[in-house]
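Here the structure is laid out as structure tokens; the discussion comes afterwards.
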């Protein structure tokens, strides 16, 4: 089995769907960063990516089991990091937060963020194209519509001459696109 295929191997419980536990791992939380969006932000690097982009700067995050379980405590850590007034918002990247499993696992965090800190922005970096989140698309799941609605900026690949100029974490292109 390749990295990113099959079942997620973490034990962090964040949501339930049809009686099944939805879990996610994460690689890192950067509580103060200026690299991943406008202003000072909190960045959450999730685990799990099926794109396997050429020149990816986080190939270890392709594995859905990489890193630590994203738990209720982790969620609160992210929300606390977002609370200072100088923090503009949250950036989700990874891995790929657009993977269907990750969309579902991130929804509780995004809902809480919008309820508690509605002035904060949410930027999402994904290797999926917008149409992949629509019904019938590769990344579409029950969470997709709300996942996109809760984001303010959604960075997806720009395809030129058959290659992606941005795909997830690889500015030079995507092996799967």
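The values are calculated or read from the model by the stated rules, or taken from the named source; none is laboratory data. All figures in this text were calculated on a predicted structure; none of them were measured in a lab. Glycine also receives a Cβ, built like all others from the backbone with ideal geometry; neighbour counts cover every protein chain displayed.
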(message) Looking at the range 89-138 only, could you name the residues that are in a helix (DSSP H, G or I), within 15 Å of residue 157 (Cα to Cα) and in contact with a strand residue (DSSP E or B) (Cβ under 8 Å, 6 or more places away or on another chain)?
(response) 130
(request) Could you please find all residues in the range 139-158 being without any contact (Cβ under 8 Å) to a residue 12 or more places away in the chain and in a loop (DSSP other than H, G, I, E, B)? (result) 158
(message) Please determine whether any residue of the range 84-102 is surrounded by 15 or more Cβ atoms within 10 Å (Cβ to Cβ) and over 23 Å from residue 128 (Cβ atoms).
(response) yes
(request) Hey, can you tell me all the residues within the range 78-88 that are in a loop (DSSP other than H, G, I, E, B) and in contact (Cβ under 8 Å) with a residue 40 or more places away in the chain? (result) 86
(request) Pick out the one residue from 89, 65 that is closer than 20 Å to residue 148 by Cβ and either over 13 Å from the mean Cα position of the chain (by Cα) or modelled with pLDDT under 95 (or both). (result) 89
(message) I'm trying to understand the selection: among the residues of the range 8-48, which are touching a helix residue (DSSP H, G or I) at 6+ places or on another chain (Cβ under 7 Å), in a loop (DSSP other than H, G, I, E, B) and either farther than 20 Å from residue 62 by Cα or modelled with pLDDT of 90 or more (or both)?
(response) 24, 47, 48
